[in-house]
Amino acid sequence: MTPPLLELEHVVVRAGGRAILDVPALGLEAGTTTGVLGPNGAGKSTLLRVAAALLEPTSGRLLLDGRAASRVRLRAVTSAVLQRPLLRRGSVRSNVETGMRFHRVPRDVMHERSAAWMRRLGIAGLADRPATSLSGGEAQRVSLARALAVEPRLLLLDEPFAALDAPTRGELLADLREVLADTGTAALMVTHDRDEAAALCDRLAVLHDGELRQHGPAAAVLDHPADPECARTLGFDTVLPSRLAERWLGEGSGEVALRAVDCQVVEDGDERFAHPAVLRRIVPLGPVARVVVEVDGHALQASAPVPVPAWLQERGVGRPVRIHLRMEGARRLGGSPATGETESALGSAAHGRRQS
Amino acid sequence: MDVLWEAITDALGLLIGGDGETYEIIARSLRVSLTATLVAFLLGLPLGMLLALGRFRGRRLALAAVNTGMGMPPVVIGLLITVMLWRSGPFGALELLYTPTAMVIAQAVIAFPLVAGISAAALQQVDPDFRVQMEALGATRGRALWAVAVEARLPLLAAVMAGFGAVVSEVGAAMMVGGNIAGQTRVLTTAAVLETSRGDFAAAIAFGLILLLIAFSVILILTLAQQRGRR
C-alpha cells in the first residue's frame, strides 16, 4: 500500500504554555483535497503552517511519502496561498513567476508556465498590470496562480476566499475545483465555511481548541458530528444534552445534534412531538429567524419562518412556546460516521415514538 | 548682494575653469562621503533587519538606542574617533588620523544609525506575513529576507539618501579627524570653512554652492532610481 503523501504523527505545537495544536494522526492522500474546519482560534492556520514547514512542531513528526519530512523536502513539494493575497511590487506576471524563481525553474519554462497559469485562472489580460492595481478577487487569482505555477504536490490554502464577495468567491471556488481535479494536486484547505468545505473537499478534519476532534470522508463528517463542538462547527446549532434527548427521543439516545431549521418553534401542537420551552430571544437573520429557547436551563437554537409569525412576535420573552423537532435532521453525537448507523438508529427511535 | 553674485560667478568659474585643486576637492568629497554611505548601508541594513524582523530580548531598547544615534552631533563622533585614532589611543598604531580613511570611518559612524533606524522603520512597513508567504512559495530564509528588502526598496533608498545627505554636508567630524590638509583631506565643507575664516566669502560661498549642486545631483540620481516607473 502506498503511504499517504503527508502524514502527521503525534504533532503538538505549544505556545504560551498550552498546546495550540494537537494532532495524534492525520494523513493527506495524494490527489485528494482535505478541508480543515473549526472556529476562530481552533489551530487551523497553525496546522497549515506545520504542513508547509513554516512552523516547527514542539513534538511529533511529519512523514512525506512515508519518510521523515525535513524542512527542505517539505518546502520542495508544497506551496501555500495565505488568506490575504500578499503580492510583490511589480507586474502580475512577475508575481506569478515569484515562486518558480525560488524553485530555480529555468527561465523559458517559467515564462511558459506563468502564461499557462494566467490563462487558466483568467488573468492573462492582466499580465502587465501592476499588482498593486488589482481588485481583491483578481489579486487572489494571482496568488493562486503563483502557488500553482510551482506545480506543488501539495497545495496549502489558508481561507483563500474569506475576504472575497460571494459571486467572486463562487467563481474562484469553481475554477479551483477544476484545476485540482485536472492536475491531481493534493490540497489542504483551511476554512471556517462548511459550504466551501463541502464544495471542494473529499475529506474533512475538524479542529477545536487545537485538538483534532474528527476526520474522515467529507460527507460522513458533515453528517455525523463527533461531539458538541464539532456539531456546532458543522452547522448543527442545537445540541440536546443526553437528559433532554432521552426524555424526548427515548432511552439510549445520548447527545443529539440538530440544525436550527430542524428545530422549529410552533404555537401549539401534539404534546408528543412539540416539547415545551421558554422563549428567550428572536434574531431575524437570513432566510429563517433564529429563536433561542430555554428548556430546563439549557439554551437551544430553534428557528421560525420569516416574516416572524404574529403570535410569536406578540409572545414576550420568558413566555412558553413549543418546539418541534424534525427527526430526519437529528444526529446522535459520537455515532460511527463511516457506517451511518447513527442516522438509522435515531430515525427508527423517532418513528417508534410517532407511532406510539 | 555683490558678494553673492561674485560667489556665483566664482563658483561657475571654479567648475568650468578646470581648477585642478577644486576638482580634486570635489572628487575627494564624493569619494569619502559615498564610501562612508556604502559602509553605513552594508552595516546598517543588516542591523535594521535584525531590529525590524528579529525577536530577541532588548530589541526595543536597541531600537531606541539606534534612533537616538540618528541625532548624534557629528562633532561628538568626530571627537570620539579622534581619541580612538590618536597616537596614544587604542588604534593609534594604525596611523589613520588625518587621512581620508579616518574621515570615511567617522562619516560611516554618523550615517550608520540613520541608515539602520530608517531601514528598520522601512522593513517594518512590510506586512509581517509577506516573508511567511515568500517562504511558503519555496524561498529560503535568506531569499525571503531579500524579498522583504526589495519590497521596501523605496524607503530603503530614503535611508541611503538620509545617510549621504548627513555626511556630505557635515563639517565637524571631517575637520577633526581629517584636519583639512590641502591635497590630502580637504573636502568641500572644510574648504568652505577655511575660506570663510580667511574672509574670502566669495570662495566660501562658491564651495557651498558646489556642495549643494553635488548633493542635489547624487540625491536626484537616487530619487530617480527610487521613483522609476512612476510619474
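The values are calculated or read from the model by the stated rules, or taken from the named source; none is laboratory data. Everything quoted here is computed from the prediction, not taken from an experiment. Ideal geometry is used to build each Cβ from the backbone, glycine not excepted, and the neighbour counts take in all protein chains shown.
Here A:Val96 fits the description: in a helix (DSSP H, G or I), among the aliphatic types (A, V, I, L, M), free of Cβ contacts under 8 Å to residues at least 60 places away in the same chain and within 14 Å of another protein chain (Cβ to nearest Cβ). Among residues of the range A:75-92 being at pLDDT 90 or above, crowded, with 22+ Cβ neighbours inside 10 Å and in contact with a strand residue (DSSP E or B) (Cβ under 7 Å, 6 or more places away or on another chain), the one that is nearest to the other protein chains (Cβ to nearest Cβ) is A:Ala80.
Given the condition within 14 Å of chain A (Cβ to nearest Cβ), free of Cβ contacts under 8 Å to residues at least 40 places away in the same chain, surrounded by fewer than 21 Cβ atoms within 10 Å (Cβ to Cβ) and over 17 Å from B:Met72 (Cβ atoms), answer yes or no: does some residue in the range B:145-153 qualify? There is at least one residue in the range B:145-153 that is within 14 Å of chain A (Cβ to nearest Cβ), free of Cβ contacts under 8 Å to residues at least 40 places away in the same chain, surrounded by fewer than 21 Cβ atoms within 10 Å (Cβ to Cβ) and over 17 Å from B:Met72 (Cβ atoms). Given the criteria part of a helix (DSSP H, G or I), of a type outside the set (Ser, Thr, Tyr) and more than 10 Å from every other protein chain (Cβ to nearest Cβ), does A:Val72 qualify? No; evaluated as a whole, the condition is false for this residue. All but one of (1) at pLDDT 90 or above; (2) in the same structural domain as A:Gly43 (by TED's automatic domain parsing); (3) in contact with a strand residue (DSSP E or B) (Cβ under 9 Å, 6 or more places away or on another chain) hold for A:Asp182; state the number of the condition that does not hold. A:Asp182 satisfies every listed condition except (3). Considering every residue within the range A:127-149, establish whether at least one is polar (S, T, N, Q), within 13 Å of chain B (Cβ to nearest Cβ) and loosely packed, with under 15 Cβ neighbours inside 10 Å. Yes, that holds for at least one residue.
Among the residues of the range A:53-66, not a single one is without any contact (Cβ under 8 Å) to a residue 40 or more places away in the chain, at the interface with another protein chain (Cβ under 9 Å from one of its Cβ atoms) and in a helix (DSSP H, G or I).
Would you be able to say whether some residue in the range A:152-164 is in contact with a Gly (Cβ under 9 Å, 6 or more places away or on another chain), outside any helix (DSSP H, G or I), touching a residue at least 40 places away in the same chain (Cβ under 8 Å) and surrounded by 22 or more Cβ atoms within 10 Å (Cβ to Cβ)? Checked the range A:152-164: at least one residue is in contact with a Gly (Cβ under 9 Å, 6 or more places away or on another chain), outside any helix (DSSP H, G or I), touching a residue at least 40 places away in the same chain (Cβ under 8 Å) and surrounded by 22 or more Cβ atoms within 10 Å (Cβ to Cβ).
Of the residues making up the range A:12-36, those that are touching a strand residue (DSSP E or B) at 6+ places or on another chain (Cβ under 8 Å) and either within 14 Å of chain B (Cβ to nearest Cβ) or closer than 10 Å to A:Leu212 by Cα (or both) number 7. Test B:Ala108 against the criterion of being more than 14 Å from every other protein chain (Cβ to nearest Cβ), surrounded by 14 or more Cβ atoms within 10 Å (Cβ to Cβ), closer than 30 Å to B:Thr190 by Cα and modelled with pLDDT of 95 or more, and give yes or no. For B:Ala108, the condition - more than 14 Å from every other protein chain (Cβ to nearest Cβ), surrounded by 14 or more Cβ atoms within 10 Å (Cβ to Cβ), closer than 30 Å to B:Thr190 by Cα and modelled with pLDDT of 95 or more - is met.
Does A:Ala349 satisfy the criteria of being buried (at least 19 other Cβ atoms within 10 Å of the Cβ), touching a helix residue (DSSP H, G or I) at 6+ places or on another chain (Cβ under 6 Å), modelled with pLDDT of 85 or more and under 21 Å from A:Gly250 (Cβ atoms)? No: the conditions fail for A:Ala349. What about A:Arg104, is it assigned to a helix (DSSP H, G or I), in the same structural domain as A:Ser143 (by TED's automatic domain parsing) and of a type in the set (D, E, K, R)? Taking the combined requirement at face value, the residue does not satisfy it. Just one of the listed residues (B:Ala202, B:Ala225) is touching a residue at least 60 places away in the same chain (Cβ under 8 Å), closer than 19 Å to B:Val3 by Cα and part of a helix (DSSP H, G or I), and it is B:Ala202. Can we say A:Val77 is touching a residue at least 60 places away in the same chain (Cβ under 8 Å), β-branched (Val, Ile, Thr) and out of contact with any Lys or Arg (no Cβ under 7 Å at 6 or more places or on another chain)? Criteria not met by A:Val77. Hey, which of the strands (runs of 3 or more DSSP E) in the range A:166-274, taking only ones fully inside, have at least 2 residues that are closer than 30 Å to A:Pro4 by Cα? Qualifying strands (runs of 3 or more DSSP E): A:186-191, A:203-208, A:211-217. With respect to the stated conditions, A:Ala186 fails to be hydrophobic (A, V, I, L, M, F, W, C) and surrounded by fewer than 17 Cβ atoms within 10 Å (Cβ to Cβ). Within the range B:115-140, residues that are over 20 Å from A:Glu159 (Cα atoms) have Cβ atoms under 6 Å from residues that are among the acidic types (Asp, Glu) and surrounded by fewer than 24 Cβ atoms within 10 Å (Cβ to Cβ) in these pairs: B:Val126/B:Glu151, counting only partners at least 6 apart in sequence or on another chain.
This table checks each residue for (1) under 17 Å from the mean Cα position of the chain (by Cα); (2) farther than 24 Å from B:Pro128 by Cβ.
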| position | (1), (2) |
| --- | --- |
| B:Val32 | yes, yes |
| B:Leu42 | yes, yes |
| B:Gly48 | yes, no |
| B:Leu51 | no, no |
| B:Gly54 | no, no |
| B:Gly58 | no, no |
| B:Ala62 | no, no |
| B:Asn67 | yes, no |
| B:Gly71 | yes, yes |
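Restricting B:Ala93, B:Ala158, B:Ala139, B:Ala162 to residues that are within 14 Å of chain A (Cβ to nearest Cβ), out of contact with any Cys (no Cβ under 9 Å at 6 or more places or on another chain), on the phi < 0 side of the Ramachandran plot and at pLDDT below 95 narrows the list to B:Ala139.
Being at pLDDT 90 or above, outside any helix (DSSP H, G or I) and touching a Lys or Arg at 6+ places or on another chain (Cβ under 6 Å) is a description that does not apply to A:Ala42.
Residues in the range B:187-231 that are crowded, with 16+ Cβ neighbours inside 10 Å and of a type in the set (Ser, Thr, Tyr): 2 in all. When the range B:160-202 is filtered for residues that are under 21 Å from B:Leu213 (Cα atoms) and among the hydroxyl-bearing types (Ser, Thr, Tyr), the ones remaining, listed by number, are B:Ser169, B:Thr185, B:Thr189, B:Thr190, B:Thr196.
Within the range B:8-32, residues that are free of Cβ contacts under 8 Å to residues at least 40 places away in the same chain reach no partner that is surrounded by fewer than 20 Cβ atoms within 10 Å (Cβ to Cβ) and acidic (Asp, Glu) with beta carbons closer than 7 Å at six or more positions or on different chains.
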